[in-house]
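What follows is a single structure, written as structure tokens, with notes after it.
Any read-out appearing in this document is the output of simple, stated calculations on the displayed coordinates, not a laboratory observation. Just so it is clear, the model here is predicted, and its values are computed rather than measured. Glycine also receives a Cβ, built like all others from the backbone with ideal geometry; neighbour counts cover every protein chain displayed.
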Amino acid sequence: MKIAVVILNWNGKKFLEQFLPTVIQYSEPLAEVIIADNDSHDGSLELLREKFPGVRTISLDKNYGFAEGYNRAFREISADYYILLNSDIEVTPNWIKPVIDLMEKDPWIAACQPKLRSFYDRDMFEYAGAAGGYIDRYGYPFCRGRMFQFIEKDEGQYDQPEEIFWATGACMFVKSKIYWEAGGLDDDFFAHMEEIDFCWRLKNHGYKIMFCPGSTVYHIGGGTLPKNNSYKTFLNIRNNLMMLFKNLPSHRLWFVYFVRIILDLVASVKFLIDGGFKDFFAVFRAHGHFLSHIGLHYKKRRQIPKQRISKMYQGSIVFNHYLRRIKKFSELNQKWFS
């Protein structure tokens, strides 16, 4: 069995210096560590040549973003398993084997993630994955251990393997054959939400996504784009609309889109009140970009089978969190997960 740990790097020299030695130490010889570089200009490639000459490097000719960058790198890698790993993650001893063992037990498990904790506050879950990802019926993502900005402390409350809706792209294990069967990450997303769209497509093909508590990694987060960034707001909203349009069954599509227009309008007003003028305009740019490419979205939609999928929350996480003041995943009615 061949396993490839692939770090997609873009101007992440400081993270490579800090975390790559441990990734190599705790991955080899079970897995090969590979760096795919998105045309960095911060000395990353020079660092790799000087300090890590034994690490295979794939140099891309420009910054293709997260989605297309990984797709281009994977086309040059022969492996049974790909592990997508952010450069700002600290891995731990034996972080690979428990996940692979879990995935090997069931041919219908396509992807899996370990537990993500915060690098700086190490008892707390980390925003971009925590103990496994979910979405509600309107496409809003959340996690076991993280609901919007509320982060839970890891007290073992989610220490059991569990089927989830999406696995974080910060540290995702995926079977390579199934990766390409589902079409890989969508190049047009560039960055953000691409792993949720990908996992949804996997589920539409009948596969399962899992969380493995036997493996833990520590994530800094926000290494490329900080949370308060209008371009990130644009990408998140545009890509979320693209994801919903591609994957929702026909009988739900237009109602959900109508609700999202209202909710995004409310979000834009909140941005404006909080002084986020660039974020306010980013919401409208996102909807405009989505509508201007509707023909392309229709084409993609027709290529994806639609199934009754598991682990989507059938309520509104916005309503439950902001109006009912629910902060923890465990407080949600578990019967509402289809």
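Data table
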item: Fraction of antiparallel bridges per DSSP, region 3-219 only, in percent to nearest 5; result: 50
item: Percentage relative contact order, region 230-336, counting C-alpha pairs under 8 Å, at least six apart; result: 35
item: Assigned charges on the beta-carbon of Lys, Arg, Asp, Glu; the chain dipole about Cα centre (debye); result: 1400
item: Eligible aspartates and glutamates near residue 14 by straight Cα distance, threshold 15 Å, same-chain separation 8 or greater; result: 37, 42, 46, 50, 88, 90
item: Sum of -39500 (n - 2.57) over DSSP H runs of 4+, divided by residues of the chain (222 nm, nearest 500); result: -11500 deg cm²/dmol
item: Stretchable slack from residue 331 to residue 299, in nm (0.36 nm times residue separation minus alpha-carbon distance); result: 7.6 nm
item: Estimated inter-spin distance, residue 46 and residue 250, nm [label 7 Å along Cα→Cβ]; result: 5.8
item: Normalised contact order of the chain, rounded percent, pairs of Cα under 8 Å and 6 or more residues apart; result: 19
item: Cα-centre dipole for region 207-323 with unit charges at Cβ (Lys and Arg positive, Asp and Glu negative), debye to 20; result: 600
item: Euclidean distance between Cα centres, region 196-275 to region 16-84, Å; result: 26
item: Crossing angle, helix 277-292 versus the chain [Cα axis fit, 0-90 degrees, rounded to tens]; result: 90
item: Vicinal HN-Hα couplings computed from phi for region 18-29 (Karplus, 6.51 cos²θ - 1.76 cosθ + 1.60; Hz; Gly/Pro x); result: 7, 10, 4, x, 6, 4, 5, 4, 9, 10, 7, x
item: Given charges at Cβ of Lys, Arg, Asp, Glu: the chain dipole, positive-most of 283, 84, 261; result: 261
item: Between 0 and 90°, nearest 10: helix 194-204 axis offset from the chain longest Cα axis; result: 80
item: ³J(HN,Hα) computed for each position of region 156-167 - Karplus, 6.51 cos²θ - 1.76 cosθ + 1.60, integer Hz, glycine/proline x; result: x, 5, 10, 8, 9, x, 8, 6, 10, 8, 9, 9
item: Separation of the residue 56 and residue 284 label points, Cα + 7 Å toward Cβ, nm; result: 4.9
item: Helix axis angle, 230-247 relative to the chain longest principal axis, alpha carbon, degrees; result: 80
item: ³J(HN,Hα), Karplus 6.51/-1.76/1.60, whole Hz, each residue of region 101-118, x for Gly, Pro; result: 4, 5, 5, 6, 6, 9, x, 8, 7, 9, 9, 7, 10, x, 7, 10, 10, 6
